[in-house]
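Heads up: the structure comes next, in structure tokens.
The values are calculated or read from the model by the stated rules, or taken from the named source; none is laboratory data. On a predicted model such as this, the values are computed, not experimentally measured, just so you know. Reconstructed Cβ throughout: ideal geometry from the backbone, glycine too, with neighbour counts over all protein chains shown.
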């Protein structure tokens, strides 16, 4: 372009030199681009491109309520009161913070600039990395270094093409594997020799709640609820049972009328109340 302009300028000078007496001089006031009497160009009628967005139902808070376990099961560490966690997201729906409203020790997810890694720190001490996560191109954690244990423990995770977790290994040894059927967790294994089976109803799990997850993958449910460790089952889990036991866990739910998301989950084991979890859900718009 610069070469073209230089050529045109040179040509103009040459023509001026040959026709000094006959040249037409355009005065500034005659230049349409500077003439105030001319109306300014109208803006284009074409709409400006808007960023693509998607609306989805997300959990805005997770509340773990009292677990009413009998005294003979005190090894389960009876929980008193409730712990409420609030989820904070960025404009793309990525979790930024898990705010504990009962304590100041909230988790903060400090992502690398390229979003291929994340340091999980706390407000109490942001110099200590509690967990170091390595993320794949689908924004799922493939490796987690748990620095809360001494020595630190390294977990690795594998996923299928749809984003469901299929395997979790601790320091290189497989600890649990998932079998997925029709978008639901059919079984998960414990050390490869015990399997927990699950049943579902026809209700869509619209808020991506992890009512069914492997307890042997080195993660609390709270971390599963971030979505960084794979998708939850597409439908709502109603029953979970070890193949080698007669007793089973059953679940009951309450749903939000506006969104269809679960707002209350109650678990029973062998017919007795085990625990309950509350959620708040809402529709939010995120960038694609």
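Just checking, does the stretch 202-209 include any residue being part of a loop (DSSP other than H, G, I, E, B), closer than 27 Å to residue 66 by Cβ, touching a residue at least 40 places away in the same chain (Cβ under 8 Å) and in contact with a helix residue (DSSP H, G or I) (Cβ under 9 Å, 6 or more places away or on another chain)? Checked against the condition, which is being part of a loop (DSSP other than H, G, I, E, B), closer than 27 Å to residue 66 by Cβ, touching a residue at least 40 places away in the same chain (Cβ under 8 Å) and in contact with a helix residue (DSSP H, G or I) (Cβ under 9 Å, 6 or more places away or on another chain), the stretch 202-209 yields no hits at all.
Quick check on the stretch 231-254. Is at least one of its residues over 19 Å from residue 164 (Cα atoms), without any contact (Cβ under 8 Å) to a residue 12 or more places away in the chain and outside any strand (DSSP E or B)? Looking through the stretch 231-254, at least one residue is over 19 Å from residue 164 (Cα atoms), without any contact (Cβ under 8 Å) to a residue 12 or more places away in the chain and outside any strand (DSSP E or B).
Taken over the stretch 116-126, residues that are outside any strand (DSSP E or B) and within 12 Å of residue 141 (Cβ to Cβ) amount to 1. Exactly one residue out of 238, 211, 156 is farther than 21 Å from residue 95 by Cβ, surrounded by 15 or more Cβ atoms within 10 Å (Cβ to Cβ) and in contact with a strand residue (DSSP E or B) (Cβ under 7 Å, 6 or more places away or on another chain), and it is 238. None of 187, 226 is assigned to a loop (DSSP other than H, G, I, E, B) and surrounded by 16 or more Cβ atoms within 10 Å (Cβ to Cβ) except 226.
Among residues of the stretch 47-58 that are farther than 12 Å from residue 206 by Cβ, those with a beta-carbon under 7 Å from a residue that is at pLDDT below 90 at least six positions away or on a different chain give the pairs 52/288; 53/288; 54/288. Screening 183, 163 for residues that are under 19 Å from the mean Cα position of the chain (by Cα), on the phi > 0 side of the Ramachandran plot and without any contact (Cβ under 8 Å) to a residue 60 or more places away in the chain leaves exactly one candidate, 183. Residue-level analysis places residue 279 outside the set of residues that are in contact (Cβ under 8 Å) with a residue 60 or more places away in the chain, surrounded by 13 or more Cβ atoms within 10 Å (Cβ to Cβ) and closer than 25 Å to residue 194 by Cα. Could you please let me know if residue 220 is within 30 Å of residue 66 (Cβ to Cβ) and surrounded by 14 or more Cβ atoms within 10 Å (Cβ to Cβ)? For residue 220, the condition - within 30 Å of residue 66 (Cβ to Cβ) and surrounded by 14 or more Cβ atoms within 10 Å (Cβ to Cβ) - is not met. Checked against the criterion of being exposed (fewer than 14 other Cβ atoms within 10 Å of the Cβ), in contact with a strand residue (DSSP E or B) (Cβ under 9 Å, 6 or more places away or on another chain) and without any contact (Cβ under 8 Å) to a residue 12 or more places away in the chain, the candidates 150, 125, 112, 137 yield just one match: 112.
Filter the stretch 255-279 down to the residues that are more than 25 Å from the chain's Cα centre (by Cα) and in a loop (DSSP other than H, G, I, E, B) and list them by number. Listed by number, the residues that qualify are 270, 271.
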